[in-house]
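A short worksheet on the structure shown next.
The values are calculated or read from the model by the stated rules, or taken from the named source; none is laboratory data. No experiment lies behind these values; they were computed from the predicted model shown. Glycine gets a Cβ as well: all are built from the backbone with ideal geometry, and neighbour counts include every protein chain shown.
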């Protein structure tokens, strides 16, 4: 069965586009059923994808939605990898940042005592 040159394995493309550090990590996400291609769940890493396909998958703590622009030839630098896809992910500005101590670095022992006293007062 002849394959067209513009089609590529799903796991290989995810790796070449630098969404995953290794190809086996990309294959594991696909095998786990966490990748959708054009709205259909992909369960085989060898599924062929081509230009125009829309993929939805988790990456870190966000859900990525990308449209494949072209199949890559190699895993190149990040600037080259960004030309392989068009990012359709919705940007969420309302997500609060991780809570941090207002000062610089870790709180001191004295600061922790004050924090603990404030917590015990709110419980009463």
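Below, the figures for the structure above:
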quantity	calculated
Selected residue [touching a residue at least 24 places away in the same chain (Cβ under 8 Å), surrounded by fewer than 18 Cβ atoms within 10 Å (Cβ to Cβ) and more than 15 Å from residue 88 (Cβ to Cβ)] from 64, 18	18
Any hit, region 41-51, residues being within 14 Å of the chain's Cα centre (by Cα) and modelled with pLDDT of 95 or more	no
Exclusive hit being crowded, with 17+ Cβ neighbours inside 10 Å, part of a loop (DSSP other than H, G, I, E, B) and in contact with a helix residue (DSSP H, G or I) (Cβ under 7 Å, 6 or more places away or on another chain), set 27, 71, 81	71
Those residues of region 30-41 which are more than 21 Å from residue 73 (Cα to Cα), in contact (Cβ under 8 Å) with a residue 12 or more places away in the chain and not in a strand (DSSP E or B), in sequence order	31, 34, 38, 39
Total residues in region 43-68, condition more than 13 Å from residue 11 (Cα to Cα) and in a loop (DSSP other than H, G, I, E, B)	5
Residue 44 being within 20 Å of residue 75 (Cα to Cα), surrounded by fewer than 20 Cβ atoms within 10 Å (Cβ to Cβ) and in contact with a helix residue (DSSP H, G or I) (Cβ under 9 Å, 6 or more places away or on another chain)	no
